[in-house]
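Student: Below you will find the structure I want to go over with you.
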Amino acid sequence: QAKSQGKSAYQRFRPEMKAISYERLQMESNLRRALELDELELHYQPVVRTSDGLMAGAEALLRWRNAELGMVGPDRFIPLAEETGLIIPIGAWVIRQACLEARRWQQLTGQPFFIAVNVSPRQFRDPGFVDLVNEALQEAGLPAGQLELEITERLILDDSIEASDTLSRLDELGVRLSVDDFGTGYSALSYLKSYPFDTLKIDKTFIGDVMIEEDDAALVRAIITMAHSLGLEVIAEGVEDESQTHFLQDHGCDFSQGYFYCRPIVADEFVEWIQTNTRAAGQSAT
Ligand code: C2E
Ligand code: MG
Ligand code: MG
Ligand code: MG
């Protein structure tokens with residue numbers, strides 16, 4: 001009974017709900033113009049080898065710089081882009097831009113860093129997705145093995161047959177595939193052996209408490225061991241302090257990413273970061 005009362009007209013048209021939908025509409029119309037107004041930008045966060053802290057690659061993280069809204073983070077607009085389908089052109093821009101930038105780093109440094117790009121479910125399901133990835137690689141002249149696509153477990157499990165086909169085609173291209181936010185989705189581990197993944201990214205919620213909670217420490221150790229037995233590499237996300245890096249080194253985690261090393265930064269700052277980081281490497285080697 002309480003439930004049917006909950007659906008009264010008064011309940012349905014609360015003024016704050018109207019405000020929310022107005023804000024949403026406004027955001028949507030702004031987002032539609034974001035690409036043509038050149039308001040989207042990629043920030044890059046280094047991914048380092050855990051053993052020595054030297055850069056191995058970077059993850060591209062999208063931001064939207066809008067005159068009215070200021071700097072908008074992906075958690076605030078990716079869901080809207082997904083719902084409206086705007087993620088298709090936006091995601092295409094992200095992949096092309098990230099490949100071009102990675103190629104530029106390679107030319108500057110002579111080193112084959114990888115670039116990791118997040119892919120959302122709707123984008124992944126788009127029939128033109130694999131061709132788009134291929135074109136972006138060609139256009140940039142980037143070897144496929146230097147592009148890593150990050151998808152979440154949810155996507156694979158919600159949509160396994162088509163996902164499987166798309167994953168195989170991407171694998172044939174030579175692109176690397178990673179499972180993002182590993183451990184937070186459904187825990188149906190069997191997909192790991194059926195699909196051509198290369199990397200697991202341990203979610204930052206586990207890393208955050210790894211020094212405090214014995215359970216988190218046990219899970220992280222188990223994930224690393226399991227991934228290695230399956231021939232997968234492991235990236236720890238959200239590494240914020242030195243004690244976490246020691247833990248991850250002790251347990252053989254391949255790569256690390258987090259504020260402890262570097263926050264996500266714009267392309268020009270990133271190039272400076274690489275130069276400092278590789279100079280440091282040269283010094284320690286001699
Ligand atoms: P994600 O792929 O798991 O990215 C990692 C998030 O953790 C990023 O948040 C990053 O800034 C943040 N982070 C990195 N190091 C640390 C740390 O040490 N501590 C903490 N607390 N956080 C850290 P961001 O940039 O806000 O991105 C949020 C999510 O938005 C991403 O999570 C990803 O799922 C999505 N996203 C970002 N860019 C794109 C994109 O181009 N396309 C799509 N489809 N999704 C994107
Ligand atoms: Mg990611
Ligand atoms: Mg592969
Ligand atoms: Mg993640």
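Student: How high is the FRET efficiency between residue 188 and residue 104 when r is their beta carbon distance and R₀ equals 35 Å, given to the nearest 0.05?
Tutor: Efficiency computed from Cβ-Cβ geometry: 0.35.
Student: Near the amide H of residue 240, under 5 Å away, which other amide H atoms are found, from residues 5 or more places off or on another chain, if H is placed in the peptide plane?
Tutor: Residues meeting the amide H criterion: 260.
Student: Just reorder 137, 157 by solvent-accessible area, largest first, 1.4 Å probe, all chains present.
Tutor: Most to least solvent-accessible, the answer reads 157, 137.
Student: Could you give the length gained by full extension between residue 134 and residue 217, i.e. 0.36 nm per residue of separation minus their alpha carbon distance, to one decimal place?
Tutor: 26.0 nm
Student: Next up: Angle check, please: helix 129-140 long axis (alpha carbons) against the longest principal axis of the chain (alpha carbons), in degrees 0 to 90, nearest 10.
Tutor: 50 degrees
Student: Most fluctuating residue of 127, 112, 79 in a GNM of the chain with Cα springs under 10 Å: which is it?
Tutor: 127
Student: With the contact rule set at Cα under 8 Å and sequence spacing of 6 or more, what percent relative contact order holds for the chain?
Tutor: Rounded, it is 18 percent for the chain.
Student: Still on this structure, I have one more. Largest first, please: the extent of the C-alpha atoms of the chain along each principal axis, to the nearest Å.
Tutor: The Cα atoms of the chain stretch 74, 45, 37 Å along their principal axes.
Student: Under a 5 Å amide H to amide H cut-off, with H placed in plane at 1.01 Å, what residues pair with residue 233 once short-range neighbours are removed?
Tutor: HN-HN under 5 Å from residue 233: 199, 200.
Student: Okay, next question. 7 Å from Cα along Cα→Cβ at both residue 36 and residue 113: what's the point-to-point distance in nm?
Tutor: Once both label points are built, they end up 3.4 nm from each other.
Student: Quick check on the chain: helices-only [θ] at 222 nm, where DSSP H runs of length 4 and up contribute -39,500 (n - 2.57) each and the sum goes over total residues. Nearest 500, please.
Tutor: Taking each H run of at least 4 residues, the total per residue is -16000 deg cm²/dmol.
Student: Residue 109 accessible area, nearest 10 Å², 1.4 Å probe?
Tutor: Residue 109 has an accessible surface of roughly 40 Å² with all protein chains in place.
Student: In addition: Angle check, please: helix 267-285 long axis (alpha carbons) against the longest principal axis of the chain (alpha carbons), in degrees 0 to 90, nearest 10.
Tutor: 20 degrees
Student: Then there's this: In nm, what is the difference between 0.36 nm times the number of residues separating residue 271 and residue 21 and their Cα-Cα distance?
Tutor: 85.9 nm
Student: Leaving out ligands and nucleic acids, and using a 1.4 Å probe, what accessible area per residue does segment 163-286 come to in Å²?
Tutor: About 49 Å² of surface per residue is accessible.
Student: Any chance you could look up the accessible area of residue 51 with a 1.4 Å probe, heavy atoms only, rounded to 10 Å²?
Tutor: 90 Å²
Student: Rounded, prolate or oblate: which fits segment 68-185, taking a ≥ b ≥ c as square roots of the Cα gyration tensor eigenvalues, rounded meaning a/c under 1.5, else prolate when a/b beats b/c?
Tutor: oblate
Student: On a 0 to 90 degree scale, rounded to 10, what angle separates helix 15-34 from the longest Cα axis of the chain?
Tutor: Once rounded, the angle reads 50 degrees.
Student: Ignoring ligands and nucleic acids, what accessible area does residue 273 show with a 1.4 Å probe (Å², nearest 10)?
Tutor: For residue 273, solvent-accessible area is about 50 Å².
Student: Which residues' amide hydrogens lie under 5 Å from the amide hydrogen of residue 50, considering only partners 5 or more residues apart or on another chain, with H built in the peptide plane?
Tutor: 255, 256
Student: Would you work out what percent of the accessible area of the chain, with all protein chains in place, is carbon or sulfur (probe 1.4 Å)?
Tutor: 50 percent
Student: Have a look at 257, 275, 244 and tell me which one the Gaussian network model of the chain (Cα, springs below 10 Å) gives the largest fluctuation.
Tutor: Taking springs between Cα atoms under 10 Å, the residue moving most is 275.
Student: Calculate one ³J(HN,Hα) per residue across segment 234-241 by plugging θ = phi - 60° into the Karplus curve 6.51 cos²θ - 1.76 cosθ + 1.60, and present them in order as whole Hz with x for glycine and proline.
Tutor: These are the phi-based 3J(HN,Hα) values: 10, 10, 8, 9, x, 6, 10, 9 Hz.
The values are calculated or read from the model by the stated rules, or taken from the named source; none is laboratory data. A quick note: this is a predicted structure, and the numbers were derived from the prediction, not measured. Don't worry about glycine lacking a Cβ; one is built from the backbone with ideal geometry, like all the others, and counts go over all protein chains shown. Side chains included, ligands, DNA and RNA excluded: accessible areas come from the protein's heavy atoms. Shrake-Rupley method; radii C 1.70, N 1.55, O 1.52, S 1.80 Å.
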